[in-house]
């Protein structure tokens, strides 16, 4: 049995991928890691991934193209604007028997083996507070409750799609396509209001096809937080703590990863720890004019 990690990347996330993989290799220097190309523009990030971090390329690029094309044919463009974002679905058909998927806007502070061990008693795991915090938002609309598409117990298992793990063979390919057609026939089930793409559909597939699921944040009553929007985490060296609890990971979901964003200095320390090339694709900070500053102060006094 082969355990490992998948990331999806292209040259647009060059900087984020370097920071993530630096943090990953500090915790798991030898675990197999595969990069799934998001699109055809991945030459630069791939060169540095394989040379600096011993990353392998997803071995079946023809399958990736077929999957992307099948998804594009199932979903109208006004439903699923970027079929490539659904390339995460390829992980169930990849070379790893048990895997964890990690978004590139994440830093790791623990070995991923701690998370993969949950697959000993489950076929799928996640580790977040989505249901507790955001509720159904960015996953499902109220229609799924009104029509009892999922039970209330099942809806407790919705998850953020940035950090999760599974087992190869959970889906047969045609079974997965059939579930995607169900999704395409019922866009009223899904909340895309904030621009999410893969997360609602991925939740639907997992809730429909996997019975043995675990949310580590629910299973472990002492689980620390993980969202970069939480300002109370304490930095000790290059690690983050929630009180006395070491974070499993930090996710910038919905938070700016730039100098005016949260935990920038920490992120930057990982980005430049082993790779000295200058930043490429982070959004520059817009300078605020003196008149805007005055206007803001006046508004604050009202």
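Read-outs: derived from the displayed coordinates by stated rules, not from any lab. Since the model is a prediction, treat every value here as computed from it, not as a measurement. All Cβ positions, even for glycine, are placed from backbone atoms using ideal geometry, and neighbour counts span all protein chains on display.
Let me have the relative contact order for the stretch 3-271, percent, based on Cα pairs under 8 Å that are six or more residues apart.
Computed value for the stretch 3-271: 23 percent relative contact order.
Rounded, prolate or oblate for the stretch 8-62? Axes are the square roots of the Cα gyration tensor eigenvalues, ordered a ≥ b ≥ c, and the cut-off for rounded is a/c under 1.5. Note, shape of the stretch 8-62 comes out oblate. Can you bin the stretch 29-181 into rounded, prolate or oblate? Criterion: square roots of the alpha carbon gyration tensor eigenvalues sorted a ≥ b ≥ c, rounded for a/c under 1.5, prolate for a/b above b/c, oblate for the rest. Judged from the Cα gyration tensor, the stretch 29-181 comes out oblate (a/c at least 1.5, b/c at or above a/b).
Our summary gives the stretch 194-283 a relative contact order of 20 percent, counting only alpha carbon pairs under 8 angstrom and 6 or more residues apart. Per residue, the convex hull around the alpha carbon atoms of the chain comes to 167 Å³.
Would you kindly state how much longer the chain becomes between residue 238 and residue 221 on full extension, computed as 0.36 nm times their sequence separation minus their alpha carbon distance, in nm to one decimal?
Working: separation 17, 0.36 × 17 = 6.12 nm, distance 2.48 nm.
Taking 0.36 nm per residue and subtracting the Cα distance, the gain is 3.6 nm.
Of 42, 241, how do they rank once you tally other Cβ atoms within 10 Å and put the fewest first? Mind dumping the intermediate values first?
On the way: 42 22, 241 15.
In order of increasing Cβ crowding within 10 Å: 241, 42.
Per residue, the average separation of C-alpha pairs within less than 8 Å and at least 6 apart gives the stretch 1-126 a relative contact order of 39 percent. Neighbour counting of Cβ atoms within 10 Å sorts the residues 244, 105, fewest neighbours leading, into 244, 105.
Note that the stretch 1-92 carries a Kirkwood radius of 14.0 Å, evaluated over its alpha carbons pair by pair.
Indicate the gyration tensor shape class of the stretch 166-219 (rounded, prolate or oblate), computed on the Cα atoms with a ≥ b ≥ c the square roots of the eigenvalues: a/c under 1.5 is rounded; otherwise a/b larger than b/c is prolate and the rest oblate. Don't jump to the answer; show the numbers that get you there.
Values: a/c = 2.33, a/b = 1.15, b/c = 2.02.
Since a/c reaches 1.5 but b/c is at least a/b, the shape of the stretch 166-219 is classed as oblate.
Ellipticity at 222 nm from helices only: DSSP H runs of n ≥ 4 in the chain, each -39500 (n - 2.57), divided by the residue count, give -9500 deg cm²/dmol. On full extension, the segment bounded by residue 151 and residue 44 gains 34.0 nm, given 0.36 nm per residue less the C-alpha separation.
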